[in-house]
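Since the structure comes first, as structure tokens, the remarks are kept for the end.
The values are calculated or read from the model by the stated rules, or taken from the named source; none is laboratory data. No experiment lies behind these values; they were computed from the predicted model shown. Don't worry about glycine lacking a Cβ; one is built from the backbone with ideal geometry, like all the others, and counts go over all protein chains shown.
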Amino acid sequence: MIELPFAAIAVNPAHVTYAYGPDSARRPAVPPGRIDRFEVTDSAAFPGTTRTVWVHTPAGHVSAHPASVMIFNDGWWYLDPDGDVRAGIVLDNLAAQQMIPPMVGVFVDPGVLPASENPKNRNVEYDAFDRRYADFLVDEVLPRVAERHAISTKGLRRGICGGSSGGNAAFTAAWHRPDAIGRVIAFNSSFAQMPGGNPYPDLLHRGQVRDLRILLHAAHRDIGWNDADWNWFAESLETAAALTRTGHDVRLVVGDGGHSPNHGGVLLPDALRWLWA
């Protein structure tokens with residue numbers, strides 16, 4: 001039995017900001033981990049793009065032993081210690097408490113097309129319902145990480161996290177490559193804006209299943225929250241419902257507020273604890 005402290009719900013769910021917990025701040029007794037980086041300028045999956053990949057290991061990490069892997073979409077934005085998510089700090093704190101297995105964090109920036117008039121390739125990569133982004137991570141990024149650190153090749157020892165379109169990308173990568181990525185955190189996913197619409201509820205109702213462990217987050221006042229179409233909130237709920245009806249290992253967390261990274265950032269420590277329990 002776990003007794004949770006009382007927390008009042010907001011009367012107006014539109015204007016809510018969540019306070020961060022202790023695992024989202026530097027602890028004096030926890031030394032910061034190491035962060036390295038490399039560039040990807042020769043992608044086969046996304047020709048012409050360039051991007052930075054940041055690799056995080058907690059203090060004391062032994063690179064000779066195969067470690068679990070946690071991939072974060074939107075790279076530096078998730079790693080930034082002054083940002084909304086602060087994932088490097090969270091990984092350091094959870095590693096110090098031994099709440100997650102020995103882990104390498106891989107923070108992958110979305111691609112940029114330097115020679116294009118529209119250089120941002122984020123939505124092309126993140127919103128598509130195909131396996132290109134999954135293959136890019138598995139076949140192009142992780143082998144370069146493996147040159148630096150021993151990492152597991154098992155799907156259930158590799159996870160991925162993202163928010164908004166990055167949540168789409170996280171879910172889609174695991175859906176297409178469950179052999180290589182078996183755990184998912186998706187915050188405020190924008191399933192509604194995938195080309196052709198959200199494919200997952202129908203695919204799940206038609207019997208497609210995957211060996212995945214999934215945490216989905218949705219916000220009550222996400223974009224189009226009470227509209228018949230283009231309803232980002234409803235699409236996350238419908239995806240979660242379809243996953244539960246088909247026996248998947250899924251947890252749904254619903255919060256207040258709009259399309260914001262705040263609640264996902266606050267949830268990250270507990271999301272990682274649950275994902276890797």
Exercise. If you go through segment 171-180 one residue at a time, do you hit one that is surrounded by 24 or more Cβ atoms within 10 Å (Cβ to Cβ) and touching a Leu at 6+ places or on another chain (Cβ under 7 Å)?
Worked result: yes
Problem set entry | Verdict on Asp227 being within 27 Å of Asp84 (Cβ to Cβ), of a type outside the set (Lys, Arg), out of contact with any strand residue (DSSP E or B) (no Cβ under 8 Å at 6 or more places or on another chain) and at pLDDT 95 or above | yes
Seminar exercise, completed: Cβ pairs under 8 Å, 6+ apart or interchain, first in segment 198-224 and acidic (Asp, Glu), second surrounded by fewer than 17 Cβ atoms within 10 Å (Cβ to Cβ) and not in a loop (DSSP other than H, G, I, E, B), ordered by first then second residue, are Asp211/Leu156
Exercise. In segment 100-112, which residues are surrounded by fewer than 23 Cβ atoms within 10 Å (Cβ to Cβ), in contact with a Lys or Arg (Cβ under 9 Å, 6 or more places away or on another chain) and under 15 Å from Gly60 (Cα atoms)?
Worked result: Ile100, Pro101
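Each row is one residue, and each column tells you yes or no for (1) at pLDDT 95 or above; (2) under 18 Å from Ile185 (Cβ atoms); (3) over 17 Å from the mean Cα position of the chain (by Cα).
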| position | (1), (2), (3) |
| --- | --- |
| Leu79 | yes, yes, no |
| Asp84 | yes, yes, no |
| Leu91 | yes, yes, no |
| Gln98 | yes, no, yes |
| Pro102 | yes, no, yes |
| Asn118 | no, no, yes |
| Asn123 | yes, no, no |
Seminar exercise, completed: Being part of a strand (DSSP E or B) and modelled with pLDDT of 95 or more narrows Val53, Val62 down to just Val53
Exercise. Is there a residue being outside any strand (DSSP E or B) and out of contact with any helix residue (DSSP H, G or I) (no Cβ under 7 Å at 6 or more places or on another chain) anywhere in segment 177-192?
Worked result: no
Exercise. Of all residues in segment 193-235, which are surrounded by 13 or more Cβ atoms within 10 Å (Cβ to Cβ), small (Gly, Ala, Ser) and within 22 Å of Asn12 (Cα to Cα)?
Worked result: Ala218, Ala219, Gly224, Ala234
